[in-house]
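Below is one structure, written out as structure tokens, with a few remarks after it.
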Amino acid sequence: MKILVTVKRVVDYNVKIRVKADGSGVELANVKMSMNPFDEISVEEALRLKEAGKADEVVVVSVGPAKAEETLRTALAMGADRAILVETEDQVEPLAVAKIVKGVAEAEQPGLIIVGKQAIDDDSNQTGQMLSALLGWAQGTFASKVEIGDGKATVTREVDGGLQTIDIKLPAVVTTDLRLNEPRYASLPNIMKAKKKPLDKKSPADFGVDTTPRLKVLKTEEPEGRKAGIKVKSVAELVEKLKTEAGVLGNP
């Protein structure tokens, strides 16, 4: 079985986000970029399934600018077999990504597609679900455990009430949650080898997909700074402040 994994290049989670002076978006110049953390988990899960003998090949795909090649090489250094870059400078929205990955899936014929449940830049949490609908495949979202066997995947999902376990028929789309695994670090020798591996480069036009954004960002602003909290000496004082200062409680 072949596993297809999507990865996205985002601002590193350790970086403090800054808004551009003109409010047109987030400052990306001279900012450290890395693989989306949920996608790191996806790559790790695919590699573990391969090591367990459940898969023969792990293919990673990214939709984004030419610099996304670095992100793909990180996945190759972790242990992925091949990488595909669908290159575009547009700000690609989830539906366009899902359509492109659908085209890649039709060409690659994977038995399983693993997608990070969301990206930390736009927090959309849509691509996996849209991809499942476009392909007509079963889906298991927010996975904290995945087991493969007998032509099906048993997925333990994180839901509001706790955990839910479902069986889905392969081929399927699974989106990963944080508790699924702990991604490995790529070794230096593997990083050097990954730099020499060829990448399969394509464009959205190869899949007949228009990546022009449908949404227009009018303005980006930083959230207001939080006010310092205070300590109160009693419940009565807390209730009084909630009434008079915060204005969140009314008189009975």
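Throughout, read-outs are computed from the coordinates displayed, never taken from laboratory work. Just so we're clear, the structure is a prediction, and the values are computed from it rather than from any experiment. So basically every Cβ, Gly included, is an ideal-geometry build from the backbone, and we count neighbours across all protein chains shown.
Some observations on this one:
- Listed from fewest to most Cβ neighbours within 10 Å, the set ASP177, ASP90 follows the order ASP90, ASP177.
- Relative intensity of segment 107-252 on a log10 scale, I(q)/I(0) at q = 0.15, 0.17, 0.19, 0.21 Å⁻¹, equals -1.02, -1.14, -1.23, -1.29, per a Debye sum over C-alpha point scatterers of equal strength in the absence of solvent.
- Using 0.36 nm per residue and subtracting the Cα-Cα separation, the extra length available between ASP22 and ASN125 on full extension is 34.3 nm.
- In units of the rule-of-thumb radius 2.2 N^0.38 Å, the chain shows an alpha carbon radius of gyration of 1.20.
- With Cα atoms, 0 to 90° folded angle of helix 94-108 axis to the chain main axis: 20
- Dimensionless Rg over Rh [segment 103-169; C-alpha; Kirkwood]: 0.97
- Over all directions, the projected convex hull of the C-alpha atoms in segment 164-237 averages 14.8 nm² in area.
- For segment 62-132, the fraction of alpha-carbon pairs lying more than 19 Å apart is 36 percent, rounded to a whole number.
- Förster-model FRET efficiency, 41 Å R0, ASP200 and LYS227, C-beta, rounded to 0.05: 0.20
- Unsatisfied cross-links (Cα-Cα over 28 Å) in the set LYS16/LYS54; LYS145/LYS216; LYS32/LYS195: LYS16/LYS54; LYS145/LYS216
- Each stretch of four or more DSSP H residues adds -39500 (n - 2.57); spread over every residue of the chain, this sum gives -8000 deg cm²/dmol at 222 nm.
- Share antiparallel - DSSP beta bridges, the chain, percent rounded to 5: 40
- Cβ-placed point charges (K, R +1; D, E -1), dipole of the chain about Cα centre in debye, nearest 20: 420
- Counted by neighbouring Cβ atoms within 10 Å, the residues GLU40, GLU240, GLU222 run from fewest to most as GLU222, GLU240, GLU40.
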